[in-house]
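What follows is a single structure, written as structure tokens, with notes after it.
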Amino acid sequence: MNTAKKAAILEKIKEYDRIILFRHKRNDGDCVGATKGLREIIRLTYPEKEVYIIDSDHSDYLDFLGKEDDPISDEEYESALAIVIDTATEDRISNQKYKLCREVVKIDHHIENDSTQYGDYTWVEEERSSACEMVADFYVTFKDRLKINSEAATYIYTGMVTDSGRFRFRSVTGDTLRLAAEMLDQGIDTDTLYAHLYLTDFESLKFKSYVYDKMKITEGGVAYVYISRDAMEKFSLTFEEACTCVMFMDSIKGCLCWIAFIEETDGESIRVRLRSRFAPVNKVAEKYRGGGHDCACGATVYNEKEIEALVADADELIRGYKETHEGWL
Ligand code: AMP
């Protein structure tokens, strides 16, 4: 699929001596894995090229994937090709110096519309379970020309695993698993990878218990929790660590939607992370300055009133879904 678009991107990679990879703010396993995976593939295939990821955004939980590259001068950006991965809109690109680059390639799996268009060359496949799946597909499409190793495969596999909820989400297809198999064939140490992804210290289990204690469930079946900066301090959590609490609410029978509201460090806005099963909830996110995928999206609110309004909207949506659908759990 989209072979011409992929071929155009490969031609651009061949053309430039310097390539800089970009990703979205609030790094996650997918954007980190995809950029690091592609960086490694390009470095292995074209050792003479300079390939960088320059990003001051950082997620501690992904430290095991290694460091980024040192900053470079503005002049060096100017003659480079930018490849932006996993980032739907320009404002979400973490290193805004991509604007200095001579040409921009966009590779993404988020929903596309008029407001998300950017870049000179774009390859967007909304149905892909992760951007890493697209990088794996890029490699497999040009397998006869590109090189890979277990390090690159591990980066890519990490994003495939994390963005698909360990291959559980409905976006996972036969293609996802075939591409994951290609990565596994490179020799990934999955024991170590899953240890990095699953092991937790005892303090974070106490935070989990706090979340279960504080969360509420609406009559329609929306679970939600508010995490204040005080709570983060109490459990010695970084903002990003606190944000993971949305996952704690993902397996409650009858709760088709779960939402975490996390007070931002500036104390002015509140990050909203929405998740759901069966019922798409991104319309709710869009109403509150956000967006994302059908069942995994985000938004921003500013006060308690907006929290209540968002929860009420989600509750109404879930009630409507339950009334008109069967087979949900
Ligand atoms: P998160 O809860 O940050 O993991 O986000 C889930 C999905 O929603 C990701 O694909 C994000 O790119 C997207 N998303 C999160 N917040 C926003 C936002 N404010 N605007 C648009 N998309 C968002």
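What 222 nm value per residue comes from the helices of the chain, counting each DSSP H run with n ≥ 4 as -39,500 (n - 2.57) and dividing by all residues, nearest 500 deg cm²/dmol?
Result for the chain, helices only: -12000 deg cm²/dmol.
So how much slack lies between Arg145 and Glu11, counting 0.36 nm per residue of separation and subtracting their Cα-Cα distance, in nm?
47.1 nm
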Gain on full stretching of the segment that runs from Thr238 to Arg170 - 0.36 nm per residue minus C-alpha separation: 21.4 nm
For region 244-256, 3J(HN,Hα) per residue [Karplus equation, 6.51 cos²θ - 1.76 cosθ + 1.60, θ = phi - 60°, Hz, x = Gly/Pro]: 5, 4, 4, 5, 5, 9, 8, 10, 9, 4, x, 8, 7
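How would you classify region 99-183 from its alpha-carbon gyration tensor, with a ≥ b ≥ c the square roots of the eigenvalues: rounded for a/c under 1.5, else prolate if a/b is greater than b/c, otherwise oblate? Could the numbers behind the result be given before it?
On the way: a/c = 2.11, a/b = 1.27, b/c = 1.66.
Oblate is the answer for region 99-183, as a/c is 1.5 or above yet b/c matches or exceeds a/b.
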Cross-link pairs Lys253/Lys287; Lys106/Lys283; Lys5/Lys283; Lys36/Lys97; Lys36/Lys67; Lys206/Lys234 - those with Cα-Cα distance over 20 Å: Lys253/Lys287; Lys106/Lys283; Lys5/Lys283
Region 1-136: equivalent-ellipsoid semi-axes (sqrt of 5 x gyration tensor eigenvalues, Cα, Å): 19, 18, 15
Virtual spin-label span in nm between Asp70 and Glu304, 7 Å along Cα→Cβ: 5.1 nm
Area accessible to solvent at His293, 1.4 Å probe radius, in Å²: 50 Å²
Debye log10 I(q)/I(0) at q = 0.07 Å⁻¹ for the chain, Cα point scatterers: -0.29
Cα-based Kirkwood hydrodynamic radius, region 125-233, one decimal, Å: 16.5 Å
Region 177-254: C-alpha gyration tensor shape, a/c 1.5 cut-off, then a/b vs b/c: oblate
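Can you bin region 262-329 into rounded, prolate or oblate? Criterion: square roots of the alpha carbon gyration tensor eigenvalues sorted a ≥ b ≥ c, rounded for a/c under 1.5, prolate for a/b above b/c, oblate for the rest.
Values: a/c = 2.80, a/b = 2.00, b/c = 1.40.
Judged from the Cα gyration tensor, region 262-329 comes out prolate (a/c at least 1.5, a/b above b/c).
For the chain, which whole percent of the accessible surface, found with a 1.4 angstrom probe, sits on carbon and sulfur atoms?
Numbers: 7600 of 15690 Å².
Ligands and nucleic acids excluded, carbon and sulfur give 48 percent.
Roughly speaking, what is the stretch gain from Ala181 to Thr200, that is 0.36 nm per residue apart minus the C-alpha to C-alpha distance, in nm to one decimal?
Details: separation 19, 0.36 × 19 = 6.84 nm, distance 2.75 nm.
Here the segment from Ala181 to Thr200 would lengthen by 4.1 nm.
Can you tell me the accessible area per residue over the chain, all protein chains present, probe 1.4 angstrom, in square angstrom?
Values: 15690 Å² over 329 residues.
Ligands and nucleic acids excluded, the result is 48 Å² per residue.
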Most positive-pole-ward Cα, Asn303, Ala285, Thr176, against dipole of the chain from beta carbon charges: Thr176
Lys147 accessible area, 1.4 Å probe, all protein chains in place, Å² to nearest 10: 120 Å²
Estimated vicinal HN-Hα couplings, Hz - region 62-68 in sequence order (Karplus 6.51, -1.76, 1.60; Gly, Pro = x): 9, 3, 5, 7, x, 8, 8
Under-5 Å amide H pairs with Ile53, H placed in peptide plane, nonlocal only: Leu21, Asp69
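The values are calculated or read from the model by the stated rules, or taken from the named source; none is laboratory data. Keep in mind that this is a model prediction, so the values were computed, not measured. Backbone-built Cβ (ideal geometry, glycine too); neighbour counts: all protein chains shown. With ligands, DNA and RNA removed, areas are computed over all heavy atoms of the protein, side chains included. Shrake-Rupley method; radii C 1.70, N 1.55, O 1.52, S 1.80 Å.
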